[in-house]
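Trainee: Starting off with a structure, shown below.
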Amino acid sequence: MSKLAVVAIGGNSLILDPKKVTVEDQYIAAAETSKHIADMIEAGWDVAIGHGNGPQVGFILRRSEIAAKYEGMHEVPLEVCGADSQGAIGYAIQQTLQNELISRGIKKPVATVVTQVKVDKNDKAFQNPTKPIGGFMDEAEAKKRQHDLGWNVVEDAGRGWRRVVASPIPQEVVEIESVRTLLKNGTCVITVGGGGIPVIDNGKGGCLGIAAVIDKDFASSLLASLINADLFIISTAVEKVAINYGKPDEKWLDHMTVDEAKAYLAEGIHFAKGSMAPKIQAIINYFENGGKEALITNPENIGRALRGETGTRITK
Ligand code: ADP
Ligand code: MG
């Protein structure tokens, strides 16, 4: 029986260079990451893929804002931007991965599931939204949108006004049964893209999309727990995790136990907020829900990390 892994791909895997951000460039980057995932599949792993979408949602929103400003086009709601990005990024990954598998003579279907992720409408994140979204506005425009559309807006360090949204904790992957069915039938599934499309209960047991963003590392961790993954890989821009990161006594780790990870996280000085800290928390959550093993490394080192040659391995 093959083992099941969740691979959470960072936004950096799709944007390798801040000067190379076109759709074609992202496609080339996706093809690169797909090679490393194909290696895993060739080595016998079943894989579910989660991915980030921060820069891509930014581009979609910006297009929407510019089209509205100059042509009076209707704007695209934030959760729909999330859905659009899941489709486009999913397409890039599913095609590049499928092509890579075909070139190796491996028969394995790859499919993207547009995924909604339920959050609690009483999540305390909604009381104090902090995630800046979309372009800068002047104060008058910001206040008008606050009044007309109920946006939360903040002044951003003298640079202008921006919309802020909440980043609530993911509670439930709505399409999880479909994801399980696809995995069971041998399909490599791309899901919870960008952390999933945030939805709340609509009061009738169904879903209602809301303007928020979900951390993709938290959503991928939830996915890993829900499908009982044997391994949770976070593929990001660094080969390993460091303690005392960026300080003179920085130390790159080959291994840590979950308890060590908790202790380092609690110290608050090792893992940067908003980048490495959520990844470590996501891994802790995965273990608290029965997780077995986790790895943090960069895409090009996934194969070596699986062989125990690099990366930071987290175990019980
Ligand atoms: P992703 O797009 O994969 O989520 P992030 O930029 O959010 O990537 O997080 C990865 C980044 O976290 C690394 O590129 C690194 O700069 C930063 N980082 C912060 N703290 C640490 C640490 N202790 N060890 C390694 N990298 C760290
Ligand atoms: Mg990140």
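The values are calculated or read from the model by the stated rules, or taken from the named source; none is laboratory data. The model shown is predicted, which means the values in this text are computed figures rather than measured ones. Backbone-built Cβ (ideal geometry, glycine too); neighbour counts: all protein chains shown. Surface accessibility is based on the protein's heavy atoms, side chains included, excluding ligands, DNA and RNA. Shrake-Rupley method; radii C 1.70, N 1.55, O 1.52, S 1.80 Å.
Trainee: With +1 assigned to the C-beta of every Lys and Arg and -1 to the C-beta of every Asp and Glu, and no other charges, what is the dipole magnitude of the chain about the Cα centre in debye, to the nearest 20? Walk me through the intermediate numbers first.
Mentor: On the way: 35 positive and 39 negative charges, 40 e Å.
In total the dipole reaches around 200 debye.
Trainee: Note down the magnitude of the dipole of region 184-296 about its Cα centre, charges +1 on Lys and Arg C-beta and -1 on Asp and Glu C-beta and zero elsewhere, to the nearest 20 debye. All intermediate terms of the calculation are to be shown ahead of the outcome.
Mentor: Details: 10 positive and 13 negative charges, 73 e Å.
Here the size comes out at about 340 debye.
Trainee: A follow-up question, please. Under 10 Å, Cα contacts only: if you run a Gaussian network model on the chain, which one of ARG304, ARG159, ARG62 comes out with the highest mean-square fluctuation?
Mentor: Highest fluctuation of the listed residues: ARG159.
Trainee: May I pose another question? How much solvent-accessible surface does SER220 expose, in Å² to the nearest 10, with a 1.4 Å probe and all protein chains in place?
Mentor: 0 Å²
Trainee: Find the accessible area per residue for the chain; the probe is 1.4 Å, ligands and nucleic acids are left out, and the unit is Å².
Mentor: Details: 15410 Å² over 316 residues.
For the chain, the solvent-accessible area averages 49 Å² per residue.
Trainee: Right, here's the next one. Using a Gaussian network for the chain with springs between C-alpha atoms less than 10 Å apart, which of these wobbles most: GLY44, GLY203, GLY186?
Mentor: GLY203
Trainee: Also, I was wondering about something else. Roughly what angle does helix 276-288 make with the longest principal axis of the chain, taking Cα atoms, 0 to 90 degrees, to the nearest 10?
Mentor: Its long axis makes an angle of about 60 degrees.
Trainee: What distance in nm separates the two pseudo spin-label positions at ASP17 and VAL114, each 7 Å out from Cα along the beta-carbon direction?
Mentor: With each label point 7 Å from Cα toward Cβ, the separation is 3.4 nm.
Trainee: With a 1.4 Å probe and all protein chains kept in place, how much accessible area does LYS292 have, in Å² rounded to the nearest 10?
Mentor: Around 90 Å² of this residue is reachable by solvent.
Trainee: By how many degrees, 0 to 90 and rounded to 10, does the Cα axis of helix 23-42 deviate from the longest principal axis of the chain?
Mentor: So the inclination is approximately 30 degrees.
Trainee: Turning to a different aspect of this structure: Please work out how much accessible surface MET73 shows to a 1.4 Å probe, ignoring ligands, DNA and RNA, in Å² rounded to 10.
Mentor: So the heavy atoms of MET73 present about 100 Å² to solvent.
Trainee: Considering only protein heavy atoms and a probe of 1.4 Å, how much of the accessible area of region 198-316 is carbon and sulfur, as a whole percent?
Mentor: Working: 2590 of 5230 Å².
The value for region 198-316 is 50 percent carbon and sulfur by accessible area.
Trainee: Choose one answer from SER167, SER34, SER178: the residue with the largest mean-square fluctuation in a GNM of the chain with alpha-carbon springs under 10 Å.
Mentor: Looking only at SER167, SER34, SER178, the biggest GNM fluctuation is shown by SER178.
Trainee: Would you mind computing, in nm to one decimal, how far apart the modelled labels at ALA31 and ASN289 are, each placed 7 Å from Cα along Cα→Cβ?
Mentor: Distance between label points: 3.5 nm.
Trainee: Determine which lysines satisfy two conditions relative to LYS69: a Cα distance under 30 Å, and not lying fewer than 8 residues away in the same chain.
Mentor: Output for LYS69: LYS19, LYS20, LYS131, LYS143, LYS144.
Trainee: Pop a pseudo-label 7 angstrom from the Cα along the beta-carbon direction at both ASP249 and GLU267 and give the gap in nm to one decimal.
Mentor: Result: 0.8 nm between the two label points.
Trainee: Figure the gain on full extension for SER178 and GLU65 (residue separation times 0.36 nm, minus the Cα-Cα span) and round it to one decimal in nm.
Mentor: Numbers: separation 113, 0.36 × 113 = 40.68 nm, distance 3.42 nm.
So the extension gain works out to 37.3 nm.
Trainee: As I understand it, the dipole of the chain uses +1 on the Cβ of Lys and Arg and -1 on the Cβ of Asp and Glu, about the Cα centre. Which of LEU149, THR112, VAL76 lies farthest toward its positive end?
Mentor: THR112
Trainee: In the chain, if every C-alpha pair distance is counted and binned at 20 Å from zero, what percent goes to each bin?
Mentor: Pair shares across the bins are 32, 58, 10, 0.
Trainee: Compute the acute angle (0 to 90°) between the alpha-carbon long axis of helix 258-267 and the principal axis of greatest extent of the alpha-carbon atoms of the chain; round to the nearest 10°.
Mentor: 40 degrees
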